[in-house]
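For reference, the structure discussed in these notes is given below.
Readers should treat all values here as calculations from the given coordinates under stated rules, not as data from a laboratory. Fair warning: this is a prediction, and the values are worked out from it, not measured in the lab. Note: ideal-geometry Cβ built from the backbone for every residue, glycine included; neighbour counts use all protein chains shown.
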Amino acid sequence: MPNSNYNYLPVSKKVLWAFLGGTLLVASPIVKSGLHLIWLDKTPRPERTIIVTGATGAQGHPTTVHLASRKCRVIMACRDMEKCKSIRRDIVLATKNKSVVCRHLDLEDINSINRFAEEMIKTEPHIDVLINNAGVRNIEEKQLTKYGIEKNLFVNFLAPYLLTLKLMGKLEESAKITNDSRVVNVIGNPNKSWHIDLLDVNFDKRKYTKEEAYNQSKLALAYFSILLEKFNREKRNQVYVFGTSPSANRVEPTYQHGTDMWDQLRAVARTYYTQDALRVCQRTVRCALDPNLVRDGLSGKLYNWFLTSLGSNGGWDIAAVNEEKAKLVWNMAADMLLNSKEVLVKKPDEQQRQQQPSAKPKQPSEPNAGGAPSSDQLKVQGNNKASGVDESA
């Protein structure tokens, strides 16, 4: 029985915080290194041809360096060709790999996406991996593309959606020889706070915020990734889909980013625990090259902090594993990308055209070799009313 007369010495809050801070400081190098493990396999892979979109950016540049150092043929798909050529020259000198090339791709232009895909189909003997790395974020004010679609949604989701389906035939053709083609989508880590309002994807009725616009676009890409992997496994075409979450890393100054005080304070607070992108992009590199991921049936998952996919949903948050909502988002994208000379977009009320219910979703059809795929070719079957899915979930 403790003596009730014993006087415990009060612990000052300052002392407590100092102790916790000191412990964190001592332990932080271990924690810091553990959060960004390096994939050590340096096996040369000269037989692999890999497309990297946004290959000059904060994530794309080091991803290209890693792939080039493993002797892959890397196609740097970029909008700024002068910047691409300059970075490509540095990469070739550093890695002694001349099989790194620049190709023009503007992800805000559907016709540019079509031209790029057609060029790849015609000129490349095979394409083994498509890394959808390019993206935008932290756009302070709402911006629309020339097609009338909110910029985050277009660049981060519709563009990789279209590019992937345009190249699917080529990826399948290559997989018949290698038994292993891949699509790697750089997504982030969707969580339960992320949602897509299918009735207002352009933020016409609700207030636009840079966070909601970005999260909406990346959740759409997560839906697409999971559903595409499901269809590919049913089709047994040996094209495997992976999601990666680069986590926090130092973003280059030219990247669009917030300028308000709290954004800057958060950036400073994260600095110590962030790594240069050469380490962070290991997740993407591993998903592109590690043969064990396919051999062990580990595709279709989200690879995050420790280069592994944790949890019952394969690393995905519950927000991303809604198959009925994923079908609605897939069909919304198909409706937005019409097969016409001007590649116009339907009016908002026409985008919500419902599909007839079906007991089983159709496989995504292989797009035409020329021109944008028609909306009917890209659709899966589903009915938003029949499914009981809340479109604003």
Calc'd 3J(HN,Hα), the range 288-301, phi into Karplus 6.51 cos²θ - 1.76 cosθ + 1.60 (θ = phi - 60°), Hz, glycine/Pro = x, comes to 7, 10, 5, x, 5, 5, 7, 4, 9, x, 9, 7, x, 10
Local electrostatic count, E47, Cβ distance below 10 Å [Lys/Arg +1, Asp/Glu -1]: +3
Fully extended contour minus Cα-Cα distance, from R236 to D296, at 0.36 nm per residue: 20.0 nm
Sorted by chain and then number, the residues having a modelled amide H within less than 5 Å of the amide H of K301, at least 5 places away or on another chain, are G243
Using 0.36 nm times the number of residues separating E47 and L93, minus their current alpha carbon distance, what extension gain do you get? 14.5 nm
Once amide H atoms are built 1.01 Å from N in the peptide plane, which residues 5 or more positions from V74, or in another chain, come under 5 Å H to H? I50, V100, V101
Using a 10 Å cut-off on Cβ atoms, rank the peptides 59-72, 282-295, 153-166 from the highest mean neighbour count down. 153-166, 59-72, 282-295
With a sphere of radius 11 Å drawn around the Cβ of S174, what net charge do the other residues whose Cβ falls strictly inside it have (Lys, Arg +1; Asp, Glu -1)? -2
Just to confirm a number: summing +1 for Lys and Arg and -1 for Asp and Glu over residues other than N156 whose beta-carbon lies under 9 angstrom from that of N156, what do you get? +3
Can you compute 3J(HN,Hα) from phi for each residue in the range 321-337, using the Karplus curve 6.51 cos²θ - 1.76 cosθ + 1.60 with θ = phi - 60°, rounded to whole Hz and x for Gly and Pro? 10, 9, 5, 5, 5, 4, 5, 4, 5, 4, 5, 4, 4, 4, 5, 6, 9
For the range 92-169 versus the range 213-247, the gap between their alpha-carbon centres in whole angstrom: 16
Across K42/K176; K151/K192; K230/K327; K122/K166, pairs whose alpha-carbon gap is larger than 18 Å: K42/K176; K151/K192
Can you compute 3J(HN,Hα) from phi for each residue in the range 94-102, using the Karplus curve 6.51 cos²θ - 1.76 cosθ + 1.60 with θ = phi - 60°, rounded to whole Hz and x for Gly and Pro? 6, 9, 6, 10, 7, 8, 10, 10, 9
